[in-house]
Number of protein chains: 2
Amino acid sequence: MSENKIPYKIYLDESEIPTKWYNVRADMKTKPAPLLNPGTLEPLKAEELYPIFCEELVAQELNNDDAFIEIPDEIQNFYRMYRPSPLIRAYFLEKALDTPAKIYYKFEGNNTSGSHKLNSAIAQAYYAKKQGLKGVTTETGAGQWGTALSMACSYFGLDCKVYMVKVSYEQKPFRREVMRTYGASVTPSPSMETEVGRKILEAHPGTTGSLGCAISEAVEVATKNDGYRYVLGSVLNQVLLHQSIIGLETKTAMDKYGVKPDIIIGCAGGGSNLGGLISPFMGEKLRGEADYRIIAVEPASCPSFTRGKFAYDFCDTGMVCPLAKMYTLGSGFIPSANHAGGLRYHGMSSTLSQLYHDGLMEATSVEQTSVFRAAQQFARVEGILPAPESSHAIRVAIDEALKCKETGEEKTILFGLTGTGYFDMVAYENFNNGTMTDYIPTDEDLKPGFDAIPKFPGNEF
Amino acid sequence: MSENKIPYKIYLDESEIPTKWYNVRADMKTKPAPLLNPGTLEPLKAEELYPIFCEELVAQELNNDDAFIEIPDEIQNFYRMYRPSPLIRAYFLEKALDTPAKIYYKFEGNNTSGSHKLNSAIAQAYYAKKQGLKGVTTETGAGQWGTALSMACSYFGLDCKVYMVKVSYEQKPFRREVMRTYGASVTPSPSMETEVGRKILEAHPGTTGSLGCAISEAVEVATKNDGYRYVLGSVLNQVLLHQSIIGLETKTAMDKYGVKPDIIIGCAGGGSNLGGLISPFMGEKLRGEADYRIIAVEPASCPSFTRGKFAYDFCDTGMVCPLAKMYTLGSGFIPSANHAGGLRYHGMSSTLSQLYHDGLMEATSVEQTSVFRAAQQFARVEGILPAPESSHAIRVAIDEALKCKETGEEKTILFGLTGTGYFDMVAYENFNNGTMTDYIPTDEDLKPGFDAIPKFPGNEF
């Protein structure tokens, strides 16, 4: 046991769980562009958001000034149920790669939701409860967010209505049943329960749904029912704020052992995990206290950062949500059907988009077969079966470690392992059978999405 | 955070992981009865077991004398990948039950195999590798053991051949794919690959298989192929030895905080988890140093302890394995098809059987709908989705805590939470839909099993 000074798994004490979230926007010189009212094209006021989100979450959404926000005791109590999450030194992976690099990963999958999504779900449920609401509505695709939210709502005794993309509802019955076990109602979307659902079903009778449509249904139900609000698992500033717990814990653990990462890697769909993981490191970078190489990894089949436009766009397909300035493929973009995991959102967090635009982080895209090769290699040596989403980060971490092998550099690499792949075995089966294929959209494929981005003065690209 | 002196989750340091397994047989006045050669009815000699098991595991199987056995460094290294496992104070459950009881559970599900099975899988794979073998064979039903073994074999570069009960192979494709991701070959049993498989298929063309048949196939393949041995995930003395890591860690953690359990509860199928959890506590009891109430929980539909016979019986349906003295329902017993989880083995660990026979532990049986009610309640407050097997222990822990509520006693209850239920969502779905039913075999139902127990002098019951 003496070979390693640093343990395999660095568990902080429960008393070391951060008691404040960190708001990276406070340290940004160029703030993320505000949400716009799609009718007036004016920045949205808090009151305009109250019918959709609870008031305290609106305040967090719009708060670009306070660097730290106290985590309420009730949320801290819940965090202690599954946090601190371990920071793991990937000794086995390092050995398998024969690399001088030191690899660390922050593992967020050790809870029943199977991912980091619970960190924000419990916060959003708490504020809904505090405001005296009856329940919340949301959409879910693969089901990680819906599962996390159902757990959080069960804890606070809130009703939870989940609109689940129909194809996932049918193909992922296990996720659906986890949500039901936690007491959530799960409706396949599009449904006949909403106006927007009925409209879509009328226009496209056989449709298997999309995330954008499910968002529109969930928002409609929240705004039309007394005592309900809509909640979202990524993209929003408030979500990145809650997810800062990931990065804060990571930094506390690394500081404790005197370790400083050279490269920080995270997968990026809407940005919730990446934004959370990097936040305290980005803060140091913004304040000129330290420098880090930060890499966002996205699928080649849904390349918002690497091939998207930096523009104001709708957050949903139904175009009922506010306009957000972000790297986007257009709200009408639909990733290829052969796409195995999550990370299929057309847009990206406004905060991360601004940081990327300002050159404070990099982005790269990877193809899914190479992602699953990395996932399999990682699973076999590190003993954790990673989610396809998380495996995008593993791919690039392995690639960077192999570069270190060539150059002989002993770089310290940190990546976010956001979740487990227990509910993604159909994708693994395709990979195991050799039937998984890659897809890179051509410029022609991307054009319809870009054409749908609203054109108005200041929104040129 | 000051309300609780003891943290929610007690994580030991990696340096506190035990470096020796504890062999409870060394402290038993009446040793478990030896395995018998079914032909001669004589106790089996080590050499007779060498064609089936590796030599070092045979030595462990037959060792009734050494109280402690060193855990090899290579196994300790692997343990550090996912151990120590947390000992959790169930504050949320206590609150929900409004009980003065203090409830603790040792959670073994935080690894990709999803259960405690990995503790023995890695040991058995290590000794196979050390003996220079090419690979191992095994059977799996629900798939927890097969998954654990495939992970362990992948780590040591051993070939892993899993015979999976056909009905599970078809109904649990996800478990199968996890095993394949770790490089195991998975064959539905009965198969055309073995003599015994061909015989069974000829006699019962449409059969969906059974654990007993899969054992027979795996043993045949191990004994007929150079460089292969058979491994088993429960029942055997060697498995209980490896699983003692669960109890040793639990005791270390409890001692650290000055906590002493009054009641220790574990689910019991073949006995691997229960035997491991209770071992150091049972040791104290056997040595007269302390007293504990120890409760084995089994399903009412497969009641080996509570309604079985204490007799020599076959470990497999094909009757190719040695005879073991144990509480048994007969090797031909097949639990009802509506049975949702594991814990469907007809027999029980010889060691636990002897301890039960000597009055050193109790046993109780519970019905599955009440088990799933407990599982749901637990999931909603403690945030972990438990395996159906583990939930048997939860059921009785809740019942004991509710008794404390009536009497006002502040008893300390410890139970083993052996694993997670992510791959058991079909059972949860039945429960969520209200279509789950109970089954208690009549005496008439049990008779054919009992009749098949071999009759010879000294084996009367």
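Could you compute how much accessible area chains B and A hide from each other, both sides summed, with a 1.4 Å probe? Nearest 100 Å² is fine. Answer for the B-A pair: about 4600 Å² buried.
For peptide B:8-17, what's the mean number of Cβ atoms from other chains within 10 Å of each residue's Cβ? Could the numbers behind the result be given before it?
Values: counts 7, 8, 1, 7, 1, 3, 7, 2, 0, 1.
Mean number of neighbouring Cβ atoms from other chains: 4.
Of the peptides B:145-152, B:256-263, the order by per-residue mean of other Cβ atoms within 10 Å, starting with the highest, comes out as B:145-152, B:256-263. Extents of the stretch B:1-129, taken as max minus min of Cα coordinates on every principal axis and listed largest first, are 63, 32, 24 Å. Label-point spacing at residue B:70 relative to the other copies reads 5.6 nm, in ascending order, each point sitting 7 Å out from Cα along Cα→Cβ. Look at where the Cα atoms of the stretch B:360-419 and of the stretch B:62-81 average out, and the two centres are 30 Å apart.
Electrostatic bookkeeping for residue B:355 treats Lys and Arg as +1 and Asp and Glu as -1; over the other residues with beta carbon under 12 Å from its beta carbon, the sum is +1. Taking 16 Å as the straight-line reach from the Cα of residue B:260, the lysines in range (excluding those fewer than 8 positions away in the same chain) are B:5, B:102, B:106, B:251, B:285, B:411.
For the segment B:418-430, counting C-beta atoms of other chains within 10 Å of every residue's C-beta and taking the mean gives 4.
Straight-line reach from residue A:309: taking Cα to Cα under 20 Å and skipping same-chain neighbours fewer than 8 places apart, the lysines in range are A:31, A:325, A:447, A:455.
Straight-line reach from residue B:166: taking Cα to Cα under 20 Å and skipping same-chain neighbours fewer than 8 places apart, the lysines in range are B:199. Considering only protein heavy atoms and a probe of 1.4 Å, how much of the accessible area of the protein assembly as shown is carbon and sulfur, as a whole percent? Answer for the protein assembly as shown: carbon and sulfur cover 50 percent of the accessible area.
As an equivalent ellipsoid, the stretch B:147-260 spans semi-axes of 33, 16, 15 angstrom, where each value is the square root of five times an eigenvalue of the C-alpha gyration tensor, largest first. Between 0 and 90 degrees, the angle of helix B:144-156 with respect to the longest Cα principal axis of chain B falls at about 80 degrees. Across peptide B:72-85, the mean count of Cβ atoms from other chains lying within 10 Å of each residue's own Cβ comes to 3. Computed with a 1.4 Å probe on the full set of protein chains, the accessible area for residue A:292 sits at about 10 Å².
Quick one: plug the Kirkwood hydrodynamic radius of the stretch B:331-461 (C-alpha pairs) into Stokes-Einstein at 10 °C, 1.306 mPa s, and report D in µm²/s. Numbers along the way, then the final one.
Numbers: Rh = 17.0 Å.
Stokes-Einstein gives a translational diffusion coefficient of 93 µm²/s.
Relative contact order for the stretch B:1-126: 30 percent, from Cα pairs under 8 Å spaced at least 6 residues apart, divided by residue count. One Cα centroid belongs to the stretch B:256-329, the other to the stretch A:272-346; the line between them spans 53 Å.
Rounded to the nearest 5, the antiparallel percentage of DSSP beta bridges internal to chain A is 35%.
Of the residues B:323, B:450, B:306, the one whose Cα sits farthest towards the positive end of the charge dipole of chain B is B:306 (charges of +1 on Lys and Arg Cβ, -1 on Asp and Glu Cβ, taken about the Cα centre). With distances taken between every two different alpha-carbon atoms, the stretch A:275-323 has a Kirkwood hydrodynamic radius of 13.6 Å.
Before anything else, pin down the relative contact order of the stretch A:57-145: Cα pairs under 8 Å, at least 6 apart, normalised by residue count, whole percent. Walk me through the intermediate numbers first.
Numbers: 57 pairs, mean separation 21.8, N = 89.
The normalised contact order for the stretch A:57-145 reaches 25 percent.
Relative to the dominant Cα principal axis of chain A, helix A:211-224 is inclined by about 50°.
For the stretch A:265-409, DSSP calls about 45 percent of its internal beta bridges antiparallel.
Roughly how many debye, to the nearest 20, is the charge dipole of the stretch B:71-134 about its Cα centre, given +1 on each Lys and Arg Cβ, -1 on each Asp and Glu Cβ, and no other charges?
Working: 10 positive and 5 negative charges, 37 e Å.
It comes to approximately 180 debye.
Suppose a student asked you for the relative contact order of chain A, using Cα pairs under 8 Å spaced at least 6 residues apart; what percent would you report? Intermediate results must be reported in sequence, preceding the final value.
Numbers: 985 pairs, mean separation 86.6, N = 461.
Relative contact order of chain A: 19 percent.
Accessible area per residue for chain A, computed on protein heavy atoms with a 1.4 Å probe, is 34 Å². Measuring spread by the Cα atoms of the protein assembly as shown yields a radius of gyration and Dmax of 27.9, 97 Å.
Could you work out the percent of alpha carbon pairs in the stretch B:222-330 separated by over 23 Å, rounded to a whole number? Write down the numbers at each step before the final one.
Details: 2317 of 5886 pairs.
Of all Cα-Cα pairs in the stretch B:222-330, 39 percent lie more than 23 Å apart.
Checking Cβ-Cβ separations below 4.7 Å across chain A identifies A:54, A:213, A:267, A:302, A:404 as cysteines lacking any candidate disulfide partner.
The values are calculated or read from the model by the stated rules, or taken from the named source; none is laboratory data. Quantities reported herein were computed from a predicted structural model and do not represent experimental measurements. For neighbour counting, all protein chains shown are included, and Cβ atoms are generated from backbone atoms with ideal geometry for every residue, glycine included. Areas reflect the complete protein model, heavy atoms only, side chains present, ligands, DNA and RNA absent. Shrake-Rupley method; radii C 1.70, N 1.55, O 1.52, S 1.80 Å.
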